[in-house]
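To start, the structure under review is shown below, and the notes come after it.
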Amino acid sequence: KAGVTQTPRYLIKTRGQQVTLSCSPISGHRSVSWYQQTPGQGLQFLFEYFSETQRNKGNFPGRFSGRQFSNSRSEMNVSTLELGDSALYLCASSLTGNEKLFFGSGTQLSVL
Amino acid sequence: GENVEQHPSTLSVQEGDSAVIKCTYSDSASNYFPWYKQELGKGPQLIIDIRSNVGEKKDQRIAVTLNKTAKHFSLHITETQPEDSAVYFCAASRDTSGTYKYIFGTGTRLKVLA
């Protein structure tokens with residue numbers, strides 16, 4: 001069974017640009033969560049989607065948004081990038097959202 | 001707000017020794033406590049978890065203990081091996097509107113010295 005797939009693996013952007021990250025969950029998993037990981041800060045929850053609806057949201061500005069498609073694949077968008085947005089963005093899937101989380105390898109975003 | 005404190009931030013042990021990582025959570029409604037291992041260049045991988053109705057759980061060389069009264073939980077790794085070197089994260093979560101809301105600790109970098 002294929003794991004959680006995130007693309008692209010690395011991204012380099014400049015301030016002010018926008019970026020879209022993609023996540024394909026494990027087959028059959030309907031819940032997708034996104035986390036931001038920075039050194040010393042651990043994993044910060046961005047949002048969670050289930051059946052194309054955002055069910056939970058963390059404390060991030062509105063520049064961070066996401067969506068989920070009918071096949072459970074999810075995308076995350078960050079607009080007007082800032083230097084502080086440089087981080088590893090992790091996607092995690094689970095069957096319905098109240099089971100174990102399975103993480104992808106992440107997208108490393110660098111904002112210059 | 002809800003918080004999970006994790007200590008130590010770095011831990012070095014000799015191969016074969018034991019390692020212990022401790023976490024404290026603030027939300028008394030938390031009822032699920034997973035531990036994740038993250039190797040370089042990879043995403044976190046679940047290694048063991050415990051629910052609030054259990055005080056201890058063991059899986060080969062790894063064990064987790066939970067003290068609900070003190071809101072503490074710990075990861076114990078015995079007979080450490082070089083491949084145990086990684087960053088370990090604890091998390092506390094509770095059911096929120098039908099889904100778990102996870103709060104992660106800031107991680108412990110474990111180095112096992114051969």
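The values are calculated or read from the model by the stated rules, or taken from the named source; none is laboratory data. Not measured: the values here are computed from a predicted model. Heads up, the Cβs are rebuilt from the backbone with ideal geometry, glycines too, and the neighbour counts pull from every protein chain shown.
If the condition is being surrounded by fewer than 17 Cβ atoms within 10 Å (Cβ to Cβ), out of contact with any His (no Cβ under 7 Å at 6 or more places or on another chain) and of a type in the set (A, V, I, L, M), then the stretch B:12-33 contributes only B:Ala29. State which residue is farthest from the chain's Cα centre (by Cα) when the search covers only the stretch B:69-114 and only residues that are away from chain A (no Cβ under 14 Å) and exposed (fewer than 14 other Cβ atoms within 10 Å of the Cβ). So, considering only residues that are away from chain A (no Cβ under 14 Å) and exposed (fewer than 14 other Cβ atoms within 10 Å of the Cβ), the one farthest from the chain's Cα centre (by Cα) is B:Ala114. I'm trying to understand the selection: among the residues of the stretch A:79-111, which are within 19 Å of A:Gly42 (Cβ to Cβ), in a strand (DSSP E or B) and away from chain B (no Cβ under 14 Å)? Result: A:Leu109, single match.
Residue-level check: of (1) modelled with pLDDT of 95 or more; (2) within 14 Å of chain B (Cβ to nearest Cβ); (3) out of contact with any Leu (no Cβ under 7 Å at 6 or more places or on another chain); (4) closer than 17 Å to A:Gly66 by Cβ, A:Phe45 misses just (1). Identify the single condition in (1) in contact with a helix residue (DSSP H, G or I) (Cβ under 9 Å, 6 or more places away or on another chain); (2) aliphatic (A, V, I, L, M); (3) closer than 26 Å to A:Gln108 by Cα that B:Ala86 does not satisfy, given that it satisfies every other one. All conditions are met except number (1). Within the stretch A:58-78, if we keep just the residues that are surrounded by fewer than 17 Cβ atoms within 10 Å (Cβ to Cβ) and under 21 Å from B:Ser93 (Cβ atoms), the residue that is farthest from the other protein chains (Cβ to nearest Cβ) turns out to be A:Phe60.
So that you can scan it fast, the table gives a plain yes or no per residue for (1) aliphatic (A, V, I, L, M); (2) in contact with a His (Cβ under 7 Å, 6 or more places away or on another chain); (3) within 30 Å of B:His7 (Cα to Cα):
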residue	(1), (2), (3)
A:Pro39	no, no, yes
A:Gln54	no, no, no
A:Ser70	no, no, no
A:Leu81	yes, no, no
A:Gln108	no, no, yes
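Within this structure, A:Gly42 fails the test of being touching a residue at least 40 places away in the same chain (Cβ under 8 Å), at positive phi and not aromatic (Phe, Trp, Tyr).
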